[in-house]
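Throughout, read-outs are computed from the coordinates displayed, never taken from laboratory work. None of the values given here were measured: they were computed from a predicted structure. Here the Cβ positions follow ideal geometry from the backbone for every residue, glycine too, while neighbour counts run over all protein chains shown.
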Amino acid sequence: MVASATRAETVADRIRQAIRAGAYVSGERLVELTLARQMHVSQNTIRDALRLLEAEGWVVKHARHGVYVRTFTHAEADELYSLRTALETVALRWVIDAATKKDAANLRRILQNGRKDALAGDLNTAIEAVMEFHSAIVAISGRSQTIEMLHRLHNQVYLLELTREMHTPRSLRAHEARLLLHEKLVAFIESQDADGAVDLLHYLIQADRDSLLPTLD
């Protein structure tokens, strides 16, 4: 039982990474038999892996039609960003009181690595860095239910980011500006400026929403 679960988790991780890398795009069907042959595992293992990914928000199962990488309507994406704003605001206010110097240094390290990779031409890593940054902030809050809810939301935001990049990719300058604003957010956290941090968080999420929604029209 444990070995089977481990295999499913390993396969789920491989599929997850493939989605994040753009090998499977939103709306694409994930065929169990094809995946089983490619990964040299049983269809049952693939089925279990896809269930894990569905629970995480990466894929969706349509009755009698199979499993697909998650897509979003305009209304669904708008709702998702509203939920993200609400939950991350709550988490950020907790973080203002809980963050240590080590936490702030780690947040800066994530952003610096993202900038370094972006300057080297790997712009997708800049997207990953921003998502890792937001996940790290939530983790600092130490609130398990909030972490769990935002984990799924962040996975879906990542899918939306990939969709936006397919239609209107950010330039290197835009990625740099985005990373710099996130560094300013760290400064607000360090100075315990809750209002400044929340206002900037709202601006960042709203900017992502506004650049994304037109691609879904």
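Remarks
- Distribution of pairwise C-alpha distances over the stretch 74-216, 10 Å bins, in %: 12, 44, 37, 8, 0
- Net lengthening on full extension, SER211/GLU79 (0.36 nm per residue, minus Cα-Cα): 46.0 nm
- Acute angle (nearest 10 degrees) that the helix 144-167 long axis makes with the longest principal axis of the chain, alpha-carbon atoms: 80 degrees
- Angle in degrees between helix 101-119 and the longest Cα principal axis of the chain, rounded to the nearest 10: 70 degrees
- Of ALA105, ALA194, ALA91, the residue with the greatest mean-square motion in the GNM of the chain, using alpha carbon springs below 10 Å, is ALA105.
- Charges were assigned to the Cβ only: +1 to each Lys and Arg, -1 to each Asp and Glu. The resulting dipole of the chain about its Cα centre is roughly 660 debye.
- Full extension of the segment from HIS167 to ALA194, taken as 0.36 nm per residue of separation minus the current Cα-Cα distance, would add 6.2 nm.
- For the stretch 2-69, a crude dipole built from +1 on the beta carbon of Lys and Arg and -1 on the beta carbon of Asp and Glu, taken about the Cα centre, is about 140 debye to the nearest 20.
- Stretch gain in nm, segment LEU33-GLU9, where the contour uses 0.36 nm per residue and the Cα spacing is subtracted: 6.9 nm
- Sorted by Cβ density within 10 Å, fewest first, the residues LEU159, LEU119: LEU119, LEU159
- The phi torsions of the stretch 198-204, fed into the Karplus equation with coefficients 6.51, -1.76 and 1.60 and a -60° offset, translate into couplings of 5, 4, 5, 4, 4, 4, 5 Hz, rounded to whole numbers, with Gly and Pro shown as x.
- Cα gyration tensor category, rounded, prolate or oblate, for the stretch 1-115 with a/c compared to 1.5: prolate
- Taking trypsin sites (Lys or Arg not before Pro) across the stretch 37-110, the ones in a DSSP loop with at most 15 further Cβ atoms lying within 10 angstrom of their Cβ are ARG64.
- Residues whose placed amide H lies under 5 Å from that of ARG143, excluding near-sequence neighbours: none
- Cα gyration tensor category, rounded, prolate or oblate, for the stretch 87-159 with a/c compared to 1.5: oblate
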